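Everything below concerns the one structure shown next.
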Amino acid sequence: MRRFALLGLACALLAGCDQPEMRFQPKYNTYEAAPQWPENQAARRTVPGTVARDERLEPIADTLPMTFDQALLDRGQERFEIFCSPCHAASGYGNGMVVQRGFPAPPSFHSERLRNAPLRHFVDVITEGYGVMYSYRDRVPLEDRWAIATYIRALQLSQHVAYDSLSASQRARLADSVDDSSREAPQ
């Protein structure tokens with residue numbers, strides 16, 4: 001019995017002796033030419049119709065696909081304050097706390113280019129990322145991305161409204177808020 005055990009152990013050891021280490025196995029590096037493969041490439045194209053994990057099957061709409069209402073703006077503001085304000089600041093000018101601590105400043109939402117950008121642009125940037133901003137696709141559901149984009153548009157409008165276009169009641173509320181903020185707080 002002992003001989004069979006030793007013989008089995010010896011066979012197992014000898015079977016693995018002549019094998020090269022896996023790190024030295026033949027392989028192709030990324031984008032390396034591979035003459036025996038189609039199109040002379042080691043990296044193959046995906047099969048048509050392939051869908052990445054967690055990717056939505058339907059395309060993202062070009063315009064707001066939900067009802068615009070106060071609840072949507074409130075949800076957008078809440079999500080903006082959670083995900084966007086650390087870099088973009090609550091005001092949208094791009095001077096958030098992360099930027100104040102040395103991170104590169106994002107563009108201001110109040111620039112001419114971004115005020116003229118379609119709503120879908122903001123959804124795409126949140127989805128795919130842009131520059132040093134990484135993708136929020138896996139952190140923010142699509143419906144919330146639209147809510148954030150809607151809130152960004154409202155934020156832009158709030159900073160670029162002509163005083164003459166305000167109604168008398170809006171002007172009065174604005175004057176009251178300025179008067180309240182200019183008063184000194186009690187000691």
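The values are calculated or read from the model by the stated rules, or taken from the named source; none is laboratory data. Remember, it's a predicted structure, so these values are computed and weren't measured experimentally. Counting neighbours? That spans all protein chains shown, and the Cβs are built from the backbone with ideal geometry, glycine included. Side chains included, ligands, DNA and RNA excluded: accessible areas come from the protein's heavy atoms. Shrake-Rupley method; radii C 1.70, N 1.55, O 1.52, S 1.80 Å.
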Of all residues making up region 58-111, the number that are surrounded by fewer than 15 Cβ atoms within 10 Å (Cβ to Cβ), without any contact (Cβ under 8 Å) to a residue 60 or more places away in the chain and aromatic (Phe, Trp, Tyr): 1
Tabulated pairs, region 159-185, first charged (D, E, K, R), second modelled with pLDDT of 80 or more, C-beta under 8 angstrom, 6+ apart or interchain: Arg171/Tyr163
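Report yes if some residue within region 11-20 is open to solvent by 100 Å² or more (accessible area, probe 1.4 Å), modelled with pLDDT under 75 and in a loop (DSSP other than H, G, I, E, B); otherwise report no. Talk me through it step by step, then tell me what you get.
First pass over region 11-20, keeping only residues open to solvent by 100 Å² or more (accessible area, probe 1.4 Å): 13-14, 18-19.
Those still in the list that are modelled with pLDDT under 75 too: 13-14, 18-19.
This time we only want the ones that are in a loop (DSSP other than H, G, I, E, B), so: 18-19.
Yes, region 11-20 contains a residue that is open to solvent by 100 Å² or more (accessible area, probe 1.4 Å), modelled with pLDDT under 75 and in a loop (DSSP other than H, G, I, E, B).
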Region 118-139 residues that are of a type in the set (Lys, Arg), paired with ones that are open to solvent by 80 Å² or more (accessible area, probe 1.4 Å) (beta carbon under 6 Å, 6 or more apart): Arg120/Asp62
